[in-house]
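The values are calculated or read from the model by the stated rules, or taken from the named source; none is laboratory data. From a predicted model like this one, the values you see are computed outputs, not experimental measurements. Neighbour counts run over all protein chains shown; Cβ positions are idealised from the backbone, glycine included. These area figures cover heavy atoms from the full protein model, side chains too; ligands, DNA and RNA do not enter into them. Shrake-Rupley method; radii C 1.70, N 1.55, O 1.52, S 1.80 Å.
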There are 2 protein chains.
Amino acid sequence: MTHKNFKNIDRVTYGRGSFSQLGETIAPIRSENNRYFVYIIDQYFHGKDLHARLQNQPEDLIYYIDVDPHEPTTEQIDQLRDKILSEKGLPSGVIGIGGGSIMDIAKAISSMLTNEGSSTLYQGLNLIKKAGVYHLGVPTISGTGAEVSMTAVLTGPEKKLGLKCDWTVFNQVILDPELIASVPTDWWFYAGMDTYIHCIESHNGIRNNAFSLAYGDQALHLCREVYLNEKAGQSPDNDDILMVASLMGGLSLTYSEVGVCHALSYGLSKIHGTRHCYANCLIFQHLEDIYPQGVKEFKEMIRKHKIELPQNVSKDWDEATLDKMATVSYNLPFMWQHAFGDNYKEIATMDYIKDLFRRL
Amino acid sequence: MTHKNFKNIDRVTYGRGSFSQLGETIAPIRSENNRYFVYIIDQYFHGKDLHARLQNQPEDLIYYIDVDPHEPTTEQIDQLRDKILSEKGLPSGVIGIGGGSIMDIAKAISSMLTNEGSSTLYQGLNLIKKAGVYHLGVPTISGTGAEVSMTAVLTGPEKKLGLKCDWTVFNQVILDPELIASVPTDWWFYAGMDTYIHCIESHNGIRNNAFSLAYGDQALHLCREVYLNEKAGQSPDNDDILMVASLMGGLSLTYSEVGVCHALSYGLSKIHGTRHCYANCLIFQHLEDIYPQGVKEFKEMIRKHKIELPQNVSKDWDEATLDKMATVSYNLPFMWQHAFGDNYKEIATMDYIKDLFRRL
């Protein structure tokens, strides 16, 4: 089809304290499959107050996952899927509670529970054969838009690329701004900047339309309230706003595309394991010639929140490393095409991309 | 639940020319039930170019409905439902092509095909017992937000009130800005003002939150581009924008509520049959004390597009008529509560409401 037919999240609950509605929300689903739920929770919450608020049943499986060492991998998903199936068979559903990585794991596990073989087989658009199990996302950090996107980004042995189809989209999302109150300031900043960069990239390219502009421009406006204006900073009001900005920033990509920063960011993360939102910030500061207004404003926000981004990172990268990074980035043609137009191949050569990495 | 768990449209296609994707969009659904589709189309399009573009199959039923004489009624829905079922049994799905009234008819028919008895039994929230058939909406005029809302507004013998539940929400919406290009200027204005008034009312009340404000404020911004700013007027670019504004204005009500203008508008329409969007405009011009900024801007837009709204309409209404109108409006407490707060009963008395009607 010429025009994308996009799948929405089936149901959305938004509001302070809405996390306490998790139990009643999933109750009608408990009769499906082997009548138990899998919780996938960021290790950060282990032993914290949130555990007591889970409203889980004795039959449920709870996995705390440390997402700090690396972004979600295909191997990790395959192993976790095998473990769940061998332990209790097909669950009623999967609940992800955490940041973008946990959202991606929950989306990927939901689909891989019903699709055979390794998740590496399904990296790409519409490769998944069967609907997954019910899956519900509860973001505890805002900005990536993973709660609304159809993409479950996975790093495989060969590529960093998402599982992407209508079935990967969450059946339910619970957006409780109280859950993002305790995010450390640096990650509050990096993750929020993922939304900011989504909107700048979505706007500046050939693929946008009135739909993506309306969402992206409002998400930018909301980012300015949270990170730049008079009342900027971590506050309950701004947490309320940031959670909506993340959703709208994600929806701005529905009819548009990310651009140069994300293409480079994928290369950096794939080769060095750098976390996505942080990688974006490391890169975006050096793209003034490509996104002049966006980078200018980004630097104002950096200053306002006293964020220190490392410089001269590239000095340790030899030619072979730069080649590997640039190869990953080069192989994301839809991002380069969006950013530079149909003659993007003349601009985004391997040499050009390596030069961009040398700016870091 | 304290926080609303709202149901999204399952799938959305947006873009110029996307109407031509209707056939392939519904193809996978054709195997359901008695393997045919019901088209419900605004009479305006009978014999027009759009008919040739329907991509319907020989087995499909096509009903052209004239929505000018009155807004959709419960009797009309019951009769059409009985006719469809007796003619060909349960269809694969229902496709509505038209304005807000046609959207409401398509939503209502979808549910009433599977729920027994008169639609008057189901006027209200969550009264419908069974999922309806697949239903798809194609708006040909923008502003009411009916394409995104869970409400299928029906006028019954006793009340004007919507069928409202998760199942009334469309499974699919196709938003093709080319279809709204031929809307006559006065209705382009009245319908767009429905969105404008949704946002003003949604914003000014006790129920809004950051979610509804983000959607409502962006929809207001888009309305200003279409109706007020330098490039205001009917143009392809503005049609693109207006279609998104209508969607966002509708979504701004998800976590908020309409207010005084809609409460009065329901009374006016129920007793006099006045079309919803037009009724809103007749009323809103007189609510300067309640929505000062909104009415001021509304009047600027009225002047800009040389719209003539009748004055002194109320001179023909006797006390009994005013009583009937005010009774309908009085019985919408959630709107008055949103607008005036929890002590709304002290303000929105029958006398107060009748006085508001006397302003017209």
_Number of the exception - B:ASP104 against (1) outside any helix (DSSP H, G or I); (2) in contact with an Asp or Glu (Cβ under 9 Å, 6 or more places away or on another chain); (3) closer than 20 Å to B:TYR44 by Cβ_ = (1)
_Every residue from the stretch B:332-360 that is open to solvent by 30 Å² or more (accessible area, probe 1.4 Å) and hydrophobic (A, V, I, L, M, F, W, C)_ = B:PHE334, B:PHE340, B:ILE347, B:MET350
*Mind checking which residues of the stretch A:237-259 are facing chain B (nearest Cβ under 8 Å) and open to solvent by 10 Å² or more (accessible area, probe 1.4 Å)?*
A:ASP237, A:ASP240, A:ILE241, A:TYR255
*Before we move on, is A:GLU59 surrounded by fewer than 15 Cβ atoms within 10 Å (Cβ to Cβ), out of contact with any Ser or Thr (no Cβ under 7 Å at 6 or more places or on another chain) and more than 14 Å from every other protein chain (Cβ to nearest Cβ)?*
yes
_Condition first: more than 24 Å from B:SER265 (Cα to Cα) and β-branched (Val, Ile, Thr). Now tell me which residues in the stretch B:110-150 satisfy that._
B:THR114, B:ILE128, B:VAL133, B:VAL138
_Contact list please: Cβ distance under 6 Å, first residue in the stretch A:284-297 and more than 15 Å from A:LEU309 (Cβ to Cβ), second residue part of a helix (DSSP H, G or I) and open to solvent by less than 30 Å² (accessible area, probe 1.4 Å), pairs at least six apart or on different chains._
A:ILE290/A:VAL260; A:TYR291/A:ILE200; A:GLY294/A:ILE200
_From the list A:TYR134, A:TYR196, exactly one residue is within 22 Å of A:ALA339 (Cβ to Cβ) and touching a residue at least 12 places away in the same chain (Cβ under 8 Å). Which is it?_
A:TYR196
_Residue list for the stretch A:74-121, filter: farther than 26 Å from A:ALA27 by Cα, among the polar types (S, T, N, Q) and open to solvent by less than 30 Å² (accessible area, probe 1.4 Å)_ = A:THR74, A:SER119
*asked:* Here's a check for you: in the stretch B:7-51, which residue that is free of Cβ contacts under 8 Å to residues at least 24 places away in the same chain and either open to solvent by less than 20 Å² (accessible area, probe 1.4 Å) or closer than 19 Å to B:ILE102 by Cα (or both) is nearest to the other protein chains (Cβ to nearest Cβ)?
replied: B:ASP49
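Would you point out which residue out of B:LEU161, B:LEU175 is surrounded by fewer than 24 Cβ atoms within 10 Å (Cβ to Cβ) and of a type in the set (A, V, I, L, M, F, W, C)?
Checking each option against the conditions leaves just B:LEU161.
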*Just name the residue that is nearest to A:ASP237 (Cα to Cα) out of those in the stretch B:199-220 that are free of Cβ contacts under 8 Å to residues at least 60 places away in the same chain and part of a loop (DSSP other than H, G, I, E, B).*
B:ASN209
_Can you find a residue that is of a type in the set (Gly, Ala, Ser) and at pLDDT 95 or above anywhere in the stretch A:133-140?_
yes
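Consider A:ALA320 carefully, then state whether it is open to solvent by less than 50 Å² (accessible area, probe 1.4 Å) and either at positive phi or of a type in the set (A, V, I, L, M, F, W, C) (or both).
Answer is no for this residue.
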*Being within 12 Å of chain A (Cβ to nearest Cβ) and open to solvent by 10 Å² or more (accessible area, probe 1.4 Å), is that true of even one residue in the stretch B:185-204?*
no
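Inside the stretch B:182-198, can you point out the residues that are of a type outside the set (Asp, Glu), in a helix (DSSP H, G or I) and closer than 16 Å to B:LYS306 by Cβ?
The initial filter retains those residues of the stretch B:182-198 that are of a type outside the set (Asp, Glu), namely B:182-185, B:187-193, B:195-198.
The next check asks that each one be in a helix (DSSP H, G or I); those that pass are B:185, B:187-193, B:195-198.
Across the stretch B:182-198, the qualifying residues are B:THR185, B:TRP187, B:TRP188, B:PHE189, B:TYR190, B:GLY192, B:MET193.
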_Anything in the stretch A:300-329 that is under 25 Å from A:GLY124 (Cβ atoms) and out of contact with any helix residue (DSSP H, G or I) (no Cβ under 6 Å at 6 or more places or on another chain)? List them, or say none._
A:ASP323, A:THR327
*List the number of the failed condition for B:VAL67; all other conditions in (1) more than 14 Å from chain A (Cβ to nearest Cβ); (2) of a type outside the set (D, E, K, R); (3) open to solvent by 30 Å² or more (accessible area, probe 1.4 Å); (4) touching a residue at least 12 places away in the same chain (Cβ under 8 Å) hold.*
(3)
*What about B:SER149, is it within 17 Å of the chain's Cα centre (by Cα) and either at pLDDT below 95 or within 14 Å of chain A (Cβ to nearest Cβ) (or both)?*
yes
*Restricting the search to the stretch A:298-313, which residues are touching a residue at least 12 places away in the same chain (Cβ under 8 Å) and among the charged types (D, E, K, R)?*
A:LYS299, A:GLU300, A:LYS304
*From the set of residues in the stretch B:242-255 that are of a type in the set (S, T, N, Q) and modelled with pLDDT of 95 or more, which is farthest from the chain's Cα centre (by Cα)?*
B:SER252
*Restricting attention to the stretch A:283-296, report how many residues are out of contact with any Phe, Trp or Tyr (no Cβ under 8 Å at 6 or more places or on another chain) and surrounded by fewer than 23 Cβ atoms within 10 Å (Cβ to Cβ).*
8
